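Here is the structure we will look at, set down as C-alpha coordinates.
The values are calculated or read from the model by the stated rules, or taken from the named source; none is laboratory data. This one's a predicted model, so the numbers in the text were calculated from it and none came from an experiment. Cβ atoms come from the backbone with ideal geometry, glycine included; neighbour counts cover every protein chain shown. For the accessible areas, the whole protein counts, side chains as well, though only heavy atoms, and no ligand, DNA or RNA atoms are used. Shrake-Rupley method; radii C 1.70, N 1.55, O 1.52, S 1.80 Å.
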Amino acid sequence: MLDLGRLRALHAVWVHGSVAAAAVALGYTPSAVSQQITKLERETRTTLLERRGRGVALTAEGLHLAFTAQELLAIVERAETVMEERRGKPAGRLTVAAFASAARGLLPGVLARLERAHPGLDVRMTEVDPHLSIDLVARGTTDLAVAHDWDIAPLPAPEGVEQAVIGDDLCDLLVPEGHRFAGRPAVRREELAGERWICQPPGTVCHDWLIRTLRTAGCEPDLVHQAEENHTQLALVAAGLGIAVMPRLGRGPLPAGAVAVSLDPVPRRRLYALWRARAARRPAIGAAVTALQKHFIRLDSTLAPASPPPSIPSAAISPVTAPAPFAASAPDRPGG
(Lines give C-alpha, C1' and ligand atoms only; values in the text may rest on other atoms or scores of the structure.)
Protein backbone atom coordinates (compact mmCIF):
# COMPACT_ATOMS: atom_id res chain seq x y z
CA MET A 1 0.00 0.00 0.00
CA LEU A 2 1.28 3.44 -0.91
CA ASP A 3 1.38 5.86 2.01
CA LEU A 4 -0.82 8.93 1.43
CA GLY A 5 1.51 11.23 3.38
CA ARG A 6 4.43 10.28 1.16
CA LEU A 7 2.34 10.78 -1.95
CA ARG A 8 1.38 14.21 -0.62
CA ALA A 9 5.07 15.08 -0.24
CA LEU A 10 5.83 14.04 -3.84
CA HIS A 11 2.83 15.99 -5.10
CA ALA A 12 4.02 19.08 -3.21
CA VAL A 13 7.49 18.87 -4.76
CA TRP A 14 5.89 18.63 -8.22
CA VAL A 15 3.62 21.64 -7.59
CA HIS A 16 6.13 23.89 -5.83
CA GLY A 17 9.16 22.92 -7.87
CA SER A 18 11.61 22.07 -5.10
CA VAL A 19 11.96 20.11 -1.87
CA ALA A 20 12.51 23.32 0.11
CA ALA A 21 9.38 25.01 -1.25
CA ALA A 22 7.34 21.84 -0.69
CA ALA A 23 8.55 21.74 2.91
CA VAL A 24 7.37 25.32 3.50
CA ALA A 25 3.95 24.55 2.02
CA LEU A 26 3.52 21.37 4.07
CA GLY A 27 4.93 22.78 7.30
CA TYR A 28 7.78 20.23 7.39
CA THR A 29 11.55 20.51 7.26
CA PRO A 30 13.24 19.84 3.89
CA SER A 31 14.92 16.75 5.35
CA ALA A 32 11.52 15.36 6.41
CA VAL A 33 10.18 15.80 2.87
CA SER A 34 13.28 14.13 1.42
CA GLN A 35 12.86 11.21 3.82
CA GLN A 36 9.22 10.78 2.80
CA ILE A 37 10.15 10.61 -0.87
CA THR A 38 13.07 8.26 -0.20
CA LYS A 39 10.70 5.88 1.57
CA LEU A 40 8.26 6.18 -1.33
CA GLU A 41 11.04 5.30 -3.77
CA ARG A 42 11.82 2.18 -1.71
CA GLU A 43 8.13 1.21 -1.64
CA THR A 44 7.75 1.62 -5.41
CA ARG A 45 11.29 0.41 -6.24
CA THR A 46 11.47 3.39 -8.58
CA THR A 47 13.54 6.56 -8.85
CA LEU A 48 11.07 9.43 -8.51
CA LEU A 49 13.40 12.44 -8.29
CA GLU A 50 16.61 13.19 -10.14
CA ARG A 51 19.19 15.93 -9.77
CA ARG A 52 18.80 18.80 -12.25
CA GLY A 53 21.48 21.45 -11.75
CA ARG A 54 21.17 22.70 -8.18
CA GLY A 55 17.61 21.44 -7.87
CA VAL A 56 15.57 18.33 -8.54
CA ALA A 57 13.05 17.24 -11.16
CA LEU A 58 10.51 14.45 -11.23
CA THR A 59 11.28 11.48 -13.45
CA ALA A 60 8.60 10.16 -15.83
CA GLU A 61 7.59 7.66 -13.15
CA GLY A 62 7.57 10.44 -10.57
CA LEU A 63 5.26 12.56 -12.73
CA HIS A 64 2.90 9.64 -13.20
CA LEU A 65 2.76 9.07 -9.45
CA ALA A 66 2.30 12.82 -8.79
CA PHE A 67 -0.74 12.88 -11.09
CA THR A 68 -2.10 9.81 -9.29
CA ALA A 69 -1.46 11.50 -5.95
CA GLN A 70 -3.46 14.52 -7.12
CA GLU A 71 -6.44 12.29 -7.92
CA LEU A 72 -6.20 10.52 -4.56
CA LEU A 73 -5.90 13.80 -2.67
CA ALA A 74 -9.00 15.08 -4.48
CA ILE A 75 -10.93 11.99 -3.32
CA VAL A 76 -9.73 12.54 0.25
CA GLU A 77 -10.74 16.19 0.06
CA ARG A 78 -14.26 15.26 -1.05
CA ALA A 79 -14.57 12.83 1.85
CA GLU A 80 -13.30 15.41 4.32
CA THR A 81 -15.71 18.01 2.92
CA VAL A 82 -18.68 15.69 3.41
CA MET A 83 -17.64 14.85 6.97
CA GLU A 84 -17.10 18.51 7.89
CA GLU A 85 -20.39 19.47 6.25
CA ARG A 86 -22.25 16.84 8.27
CA ARG A 87 -20.69 18.12 11.48
CA GLY A 88 -22.01 21.53 10.50
CA LYS A 89 -19.11 23.61 11.77
CA PRO A 90 -15.62 24.55 10.58
CA ALA A 91 -13.00 22.00 11.59
CA GLY A 92 -9.73 20.43 10.48
CA ARG A 93 -6.84 22.12 8.70
CA LEU A 94 -7.34 25.02 6.30
CA THR A 95 -4.31 26.25 4.34
CA VAL A 96 -4.34 29.84 3.11
CA ALA A 97 -2.00 31.56 0.63
CA ALA A 98 -1.89 35.36 0.64
CA PHE A 99 0.18 38.03 -1.11
CA ALA A 100 2.53 40.14 1.02
CA SER A 101 0.47 43.22 1.89
CA ALA A 102 -2.64 41.13 2.59
CA ALA A 103 -0.58 38.79 4.78
CA ARG A 104 0.59 41.84 6.71
CA GLY A 105 -2.47 44.10 6.71
CA LEU A 106 -5.47 41.74 6.55
CA LEU A 107 -4.69 38.17 7.56
CA PRO A 108 -3.52 38.67 11.18
CA GLY A 109 -6.94 39.98 12.21
CA VAL A 110 -8.76 37.33 10.17
CA LEU A 111 -6.69 34.46 11.59
CA ALA A 112 -7.26 35.69 15.14
CA ARG A 113 -10.99 36.01 14.47
CA LEU A 114 -11.22 32.47 13.12
CA GLU A 115 -9.19 31.05 16.01
CA ARG A 116 -11.54 32.63 18.56
CA ALA A 117 -14.75 31.66 16.77
CA HIS A 118 -13.80 28.12 15.68
CA PRO A 119 -11.46 26.29 18.10
CA GLY A 120 -11.64 23.12 16.00
CA LEU A 121 -10.24 24.88 12.92
CA ASP A 122 -6.48 24.85 12.31
CA VAL A 123 -5.64 27.63 9.82
CA ARG A 124 -2.12 27.77 8.32
CA MET A 125 -1.02 30.76 6.21
CA THR A 126 1.81 31.09 3.68
CA GLU A 127 2.88 34.29 1.90
CA VAL A 128 2.78 33.69 -1.87
CA ASP A 129 2.67 35.80 -5.04
CA PRO A 130 -1.00 36.23 -6.09
CA HIS A 131 -0.63 34.55 -9.48
CA LEU A 132 1.22 31.57 -8.00
CA SER A 133 -1.34 31.18 -5.20
CA ILE A 134 -4.20 30.68 -7.67
CA ASP A 135 -2.34 27.80 -9.30
CA LEU A 136 -1.72 26.26 -5.87
CA VAL A 137 -5.46 26.30 -5.21
CA ALA A 138 -6.23 24.76 -8.61
CA ARG A 139 -3.69 21.97 -8.07
CA GLY A 140 -5.00 21.15 -4.61
CA THR A 141 -2.06 22.12 -2.38
CA THR A 142 -3.72 25.21 -0.89
CA ASP A 143 -7.34 25.38 0.26
CA LEU A 144 -7.88 29.13 -0.04
CA ALA A 145 -6.01 31.97 -1.71
CA VAL A 146 -6.21 35.72 -1.17
CA ALA A 147 -5.21 37.33 -4.45
CA HIS A 148 -5.77 40.61 -6.27
CA ASP A 149 -6.02 42.17 -9.69
CA TRP A 150 -5.87 45.71 -11.05
CA ASP A 151 -8.37 47.69 -13.10
CA ILE A 152 -6.41 47.08 -16.31
CA ALA A 153 -5.27 43.50 -15.56
CA PRO A 154 -8.18 41.20 -14.58
CA LEU A 155 -7.46 38.13 -12.47
CA PRO A 156 -7.83 34.85 -14.41
CA ALA A 157 -9.57 32.11 -12.40
CA PRO A 158 -8.83 28.57 -13.67
CA GLU A 159 -11.60 26.11 -14.41
CA GLY A 160 -12.82 24.47 -11.22
CA VAL A 161 -11.87 27.44 -9.02
CA GLU A 162 -14.53 29.72 -7.53
CA GLN A 163 -14.03 33.22 -6.17
CA ALA A 164 -15.65 35.94 -4.07
CA VAL A 165 -14.80 39.63 -3.86
CA ILE A 166 -13.26 40.74 -0.55
CA GLY A 167 -13.07 44.45 -1.31
CA ASP A 168 -11.32 47.22 -3.23
CA ASP A 169 -7.93 48.49 -2.05
CA LEU A 170 -7.35 52.10 -3.13
CA CYS A 171 -3.91 53.42 -4.06
CA ASP A 172 -2.17 56.76 -3.54
CA LEU A 173 0.67 58.62 -5.18
CA LEU A 174 3.54 58.91 -2.68
CA VAL A 175 5.91 61.85 -3.13
CA PRO A 176 8.67 63.46 -1.05
CA GLU A 177 7.93 66.55 1.02
CA GLY A 178 8.60 69.61 -1.09
CA HIS A 179 7.74 67.81 -4.34
CA ARG A 180 5.71 69.80 -6.85
CA PHE A 181 2.73 67.47 -6.24
CA ALA A 182 2.84 67.68 -2.42
CA GLY A 183 -0.24 69.48 -1.08
CA ARG A 184 -2.17 69.14 -4.35
CA PRO A 185 -5.82 67.97 -3.97
CA ALA A 186 -5.28 65.50 -6.82
CA VAL A 187 -2.89 64.71 -9.67
CA ARG A 188 -3.95 63.53 -13.13
CA ARG A 189 -2.06 60.64 -14.69
CA GLU A 190 -1.16 62.82 -17.68
CA GLU A 191 0.89 65.07 -15.34
CA LEU A 192 3.28 62.27 -14.37
CA ALA A 193 5.61 62.60 -17.37
CA GLY A 194 9.27 63.18 -16.52
CA GLU A 195 9.07 61.79 -12.97
CA ARG A 196 11.60 59.38 -11.47
CA TRP A 197 9.82 56.22 -10.26
CA ILE A 198 10.29 53.74 -7.43
CA CYS A 199 8.47 50.45 -7.95
CA GLN A 200 8.56 46.69 -7.61
CA PRO A 201 10.81 44.56 -9.89
CA PRO A 202 9.66 43.35 -13.33
CA GLY A 203 7.36 40.34 -13.37
CA THR A 204 5.26 41.53 -10.43
CA VAL A 205 1.65 42.63 -10.83
CA CYS A 206 2.31 46.10 -9.42
CA HIS A 207 5.28 46.70 -11.75
CA ASP A 208 3.33 45.63 -14.83
CA TRP A 209 0.36 47.78 -13.81
CA LEU A 210 2.54 50.88 -13.42
CA ILE A 211 4.21 50.42 -16.81
CA ARG A 212 0.93 49.84 -18.66
CA THR A 213 -0.88 52.68 -16.89
CA LEU A 214 1.79 55.29 -17.54
CA ARG A 215 2.22 54.26 -21.18
CA THR A 216 -1.53 54.44 -21.68
CA ALA A 217 -1.39 58.01 -20.31
CA GLY A 218 1.39 58.83 -22.80
CA CYS A 219 4.28 58.66 -20.30
CA GLU A 220 7.36 56.47 -20.63
CA PRO A 221 8.33 55.67 -17.01
CA ASP A 222 11.87 56.29 -15.76
CA LEU A 223 12.36 53.48 -13.21
CA VAL A 224 15.27 54.55 -11.04
CA HIS A 225 14.86 52.21 -8.04
CA GLN A 226 13.16 48.82 -7.74
CA ALA A 227 12.41 47.04 -4.48
CA GLU A 228 10.03 44.25 -3.50
CA GLU A 229 9.19 45.52 -0.01
CA ASN A 230 6.77 48.42 0.35
CA HIS A 231 8.69 49.72 3.36
CA THR A 232 11.87 49.95 1.26
CA GLN A 233 10.00 51.89 -1.40
CA LEU A 234 8.61 54.22 1.28
CA ALA A 235 12.10 54.86 2.62
CA LEU A 236 13.34 55.73 -0.86
CA VAL A 237 10.44 58.15 -1.40
CA ALA A 238 11.02 59.77 2.01
CA ALA A 239 14.70 60.26 1.07
CA GLY A 240 13.61 62.28 -1.97
CA LEU A 241 14.78 59.71 -4.54
CA GLY A 242 11.57 59.36 -6.54
CA ILE A 243 7.81 58.87 -6.39
CA ALA A 244 5.69 55.72 -6.19
CA VAL A 245 2.13 54.44 -6.43
CA MET A 246 1.23 52.20 -3.50
CA PRO A 247 -1.93 50.47 -2.21
CA ARG A 248 -3.14 51.36 1.28
CA LEU A 249 -3.62 47.84 2.63
CA GLY A 250 -0.70 46.84 4.83
CA ARG A 251 1.19 50.07 4.09
CA GLY A 252 1.14 51.45 7.61
CA PRO A 253 1.95 55.03 8.65
CA LEU A 254 4.04 57.03 6.22
CA PRO A 255 7.59 57.88 7.35
CA ALA A 256 8.65 61.48 7.85
CA GLY A 257 9.47 62.99 4.50
CA ALA A 258 6.79 61.14 2.49
CA VAL A 259 3.37 62.55 1.54
CA ALA A 260 0.30 60.79 0.09
CA VAL A 261 -1.55 62.53 -2.76
CA SER A 262 -4.70 61.39 -4.57
CA LEU A 263 -4.49 60.35 -8.22
CA ASP A 264 -7.31 61.14 -10.65
CA PRO A 265 -8.73 58.64 -11.41
CA VAL A 266 -7.90 56.75 -8.21
CA PRO A 267 -6.07 53.47 -8.94
CA ARG A 268 -7.52 50.44 -7.22
CA ARG A 269 -6.92 46.76 -6.96
CA ARG A 270 -9.65 44.28 -6.15
CA LEU A 271 -9.05 41.57 -3.56
CA TYR A 272 -10.51 38.08 -4.03
CA ALA A 273 -10.80 34.86 -2.08
CA LEU A 274 -10.45 31.76 -4.27
CA TRP A 275 -11.13 28.10 -3.49
CA ARG A 276 -11.76 24.85 -5.36
CA ALA A 277 -15.34 24.27 -6.45
CA ARG A 278 -15.32 20.74 -5.06
CA ALA A 279 -14.55 22.14 -1.58
CA ALA A 280 -17.17 24.90 -1.69
CA ARG A 281 -19.43 23.12 0.80
CA ARG A 282 -16.76 23.07 3.51
CA PRO A 283 -17.95 25.18 6.46
CA ALA A 284 -14.31 26.20 6.93
CA ILE A 285 -14.23 27.83 3.49
CA GLY A 286 -17.45 29.73 4.14
CA ALA A 287 -16.24 30.89 7.57
CA ALA A 288 -12.88 32.06 6.21
CA VAL A 289 -14.36 33.99 3.27
CA THR A 290 -16.91 35.67 5.53
CA ALA A 291 -14.18 36.60 8.02
CA LEU A 292 -12.05 38.08 5.22
CA GLN A 293 -14.92 40.21 3.94
CA LYS A 294 -16.04 41.43 7.37
CA HIS A 295 -12.54 42.25 8.55
CA PHE A 296 -11.78 44.15 5.35
CA ILE A 297 -14.84 46.33 5.94
CA ARG A 298 -13.63 46.97 9.51
CA LEU A 299 -10.31 48.16 8.05
CA ASP A 300 -12.15 50.75 5.93
CA SER A 301 -11.37 53.66 8.24
CA THR A 302 -7.71 52.65 8.60
CA LEU A 303 -7.14 52.54 4.85
CA ALA A 304 -7.39 56.32 4.48
CA PRO A 305 -4.20 58.12 3.33
CA ALA A 306 -1.73 58.55 6.19
CA SER A 307 -1.04 62.22 5.45
CA PRO A 308 -3.62 63.67 3.01
CA PRO A 309 -3.94 67.40 2.40
CA PRO A 310 -6.79 68.83 4.54
CA SER A 311 -8.98 69.39 1.47
CA ILE A 312 -9.03 65.68 0.52
CA PRO A 313 -11.72 63.64 2.32
CA SER A 314 -10.94 60.05 3.26
CA ALA A 315 -12.25 57.76 0.52
CA ALA A 316 -14.64 55.04 1.65
CA ILE A 317 -14.47 51.52 0.32
CA SER A 318 -17.86 50.21 -0.71
CA PRO A 319 -19.17 47.24 1.30
CA VAL A 320 -18.70 43.93 -0.49
CA THR A 321 -21.45 41.50 -1.25
CA ALA A 322 -21.57 38.07 0.34
CA PRO A 323 -20.21 35.12 -1.61
CA ALA A 324 -22.50 32.76 -3.43
CA PRO A 325 -24.16 30.16 -1.16
CA PHE A 326 -21.72 27.45 -0.22
CA ALA A 327 -24.39 24.76 -0.46
CA ALA A 328 -24.00 24.77 -4.22
CA SER A 329 -21.16 22.72 -5.62
CA ALA A 330 -19.85 22.58 -9.17
CA PRO A 331 -19.06 19.14 -10.60
CA ASP A 332 -15.51 17.95 -10.19
CA ARG A 333 -13.12 18.48 -13.06
CA PRO A 334 -9.74 16.86 -13.60
CA GLY A 335 -6.97 18.88 -12.00
CA GLY A 336 -9.47 21.29 -10.34
*Out of all the residues in region 317-327, is one or more more than 26 Å from Gly109 (Cα to Cα) and either modelled with pLDDT of 90 or more or open to solvent by 30 Å² or more (accessible area, probe 1.4 Å) (or both)?*
yes
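Do we find that Ala147 is open to solvent by less than 40 Å² (accessible area, probe 1.4 Å) and over 21 Å from Glu220 (Cα atoms) in this structure?
Yes.
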*May I ask you to list the residues in region 246-266 that are under 26 Å from Arg180 (Cβ atoms) and under 19 Å from the mean Cα position of the chain (by Cα)?*
Met246, Pro247, Arg248, Arg251, Gly252
_Subset of region 63-84 [open to solvent by less than 40 Å² (accessible area, probe 1.4 Å), under 21 Å from Ser18 (Cβ atoms) and not polar (S, T, N, Q)]_ = Leu65, Ala66, Ala69, Leu73
*Elements of type strands (runs of 3 or more DSSP E) in region 154-232, at least 2 residues being open to solvent by 20 Å² or more (accessible area, probe 1.4 Å) and out of contact with any helix residue (DSSP H, G or I) (no Cβ under 8 Å at 6 or more places or on another chain)*: 161-176, 222-226
_Among (1) touching a strand residue (DSSP E or B) at 6+ places or on another chain (Cβ under 7 Å); (2) open to solvent by less than 30 Å² (accessible area, probe 1.4 Å); (3) at pLDDT below 85 - the single one Pro308 does not satisfy_ = (2)
*So Ala60 clears everything in (1) surrounded by fewer than 20 Cβ atoms within 10 Å (Cβ to Cβ); (2) closer than 21 Å to Val128 by Cβ; (3) not β-branched (Val, Ile, Thr) except one condition, right? Which one?*
(2)
*Identify the residue in region 93-133 that is out of contact with any Leu (no Cβ under 8 Å at 6 or more places or on another chain) and of a type in the set (Asp, Glu) and, among all such residues, is most open to solvent (accessible area, probe 1.4 Å).*
Glu127
*asked:* Tell me yes or no: at least one residue of region 25-32 is of a type in the set (A, V, I, L, M) and closer than 23 Å to His131 by Cα.
replied: yes
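One residue is enough: does region 85-92 have a residue meeting the conditions out of contact with any Gly (no Cβ under 8 Å at 6 or more places or on another chain), within 18 Å of Ala273 (Cα to Cα) and crowded, with 19+ Cβ neighbours inside 10 Å? Before the answer, list the steps.
Going through region 85-92, the residues out of contact with any Gly (no Cβ under 8 Å at 6 or more places or on another chain) turn out to be 85-88.
Restricting the remaining residues to those that are within 18 Å of Ala273 (Cα to Cα) gives none.
No: zero hits.
Considering Ile37, Ile75, which residue is free of Cβ contacts under 8 Å to residues at least 40 places away in the same chain, touching a helix residue (DSSP H, G or I) at 6+ places or on another chain (Cβ under 7 Å) and of a type in the set (Val, Ile, Thr)?
On the way: Ile75 fails: touching a helix residue (DSSP H, G or I) at 6+ places or on another chain (Cβ under 7 Å).
Among Ile37, Ile75, only Ile37 is free of Cβ contacts under 8 Å to residues at least 40 places away in the same chain, touching a helix residue (DSSP H, G or I) at 6+ places or on another chain (Cβ under 7 Å) and of a type in the set (Val, Ile, Thr).
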